[in-house]
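Asks: Okay, handing you the structure first.
Please treat every number below as a calculation from the coordinates, not as lab data. These figures come from a predicted structure and were not determined experimentally. Positions of Cβ are backbone-derived with ideal geometry, glycine not excepted, and every protein chain shown enters the neighbour counts.
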Amino acid sequence: MALVNLLLVDDEVPFVATMTKRLTKRDLKVTSAYSGDEALNKLQEEPALEVVILDVKMPGMDGIETLKMIKQQAPLVEVIMLTGHATVESAIDGMKLGAFDYLMKPCDLDHLLTKVNEAARKKRQHEEKIVAARIREITARHA
């Protein structure tokens, strides 16, 4: 699979630093953000981002609110919610709002990588379907 462009969003700076190192070693291109607002700005600046790993509990705009905004701004970007304080309610809310998956901190790195790759594959398949539909539409107009 091609290199995955990932956005890691968490207000805990040491966690972001450690995860960025670990994920970069696994051939992922990692961009970091430390708040929901910063994450939304990074998504605008870097249209190649495919997957967001998003902490649920953050000061200011929390993960659920950030997820809503991401899905409005970049509907094809897949979001994996990550939390140390999982509740069934927040997991259900996240999934209803379009989160790809919901994982507990600390999570196994291999499991997280599997989810990231699945999410990137899903985004790429959606993009391919959109391109194919546009091509069909254009060729039908000129037929």
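Asks: Rounded to the nearest 20 debye, what is the charge dipole size of region 4-141 about its Cα centre when +1 sits on each Lys and Arg Cβ and -1 on each Asp and Glu Cβ?
Replies: Rounded to the nearest 20 debye, it is 640 debye.
Asks: Under a crude label model (7 Å from the Cα following the beta-carbon direction), how far is residue 68 from residue 45 in nanometres?
Replies: Inter-label distance under the simple model: 2.6 nm.
Asks: What are the ³J(HN,Hα) couplings of region 33-48, residue after residue, when phi is run through the Karplus curve with 6.51, -1.76, 1.60 and θ = phi - 60°? Round to Hz, x for glycine and proline.
Replies: Going residue by residue, I get 9, 10, 7, x, 4, 5, 4, 5, 5, 5, 4, 6, 6, 10, x, 7 Hz, with x marking Gly and Pro.
Asks: Could you go through region 64-70 in sequence order and give the Karplus-derived ³J(HN,Hα) for each residue, using 6.51 cos²θ - 1.76 cosθ + 1.60 with θ = phi - 60°, rounded to whole Hz, and x for Gly and Pro?
Replies: Couplings: 5, 5, 5, 4, 4, 5, 4 Hz.
Asks: At a threshold of 8 angstrom on Cα-Cα distance, excluding pairs fewer than six apart, so keeping six or more, what relative contact order does the chain reach in percent?
Replies: Worked out over the chain, it gives 20 percent.
Asks: Mind giving me the FRET efficiency for residue 17 and residue 134? R0 is 35 Å, r the Cβ-Cβ distance, nearest 0.05 is fine.
Replies: Step by step, r from the Cβ atoms, then E = 0.30.
Asks: Can you order the peptides 45-54, 91-100 by their average number of other Cβ atoms within 10 Å per residue, highest first? Could the numbers behind the result be given before it?
Replies: On the way: 45-54: 18.6, 91-100: 16.7.
Averaged packing, sorted descending, gives the order 45-54, 91-100.
Asks: I've got another one for you. What angle, in degrees between 0 and 90 and rounded to the nearest 10, separates the Cα long axis of helix 13-25 from the longest principal axis of the Cα atoms of the chain?
Replies: Result, in degrees: 50.
Asks: How long is the gain from residue 88 to residue 111 if the chain were fully straight, where each residue apart is worth 0.36 nm and the alpha carbon distance is subtracted?
Replies: Contour length minus Cα-Cα distance gives 6.3 nm.
Asks: Please compute the modelled spin-label separation between residue 37 and residue 126, points set 7 Å along Cα→Cβ, answer in nm with one decimal.
Replies: So the two model labels end up 2.7 nm from each other.
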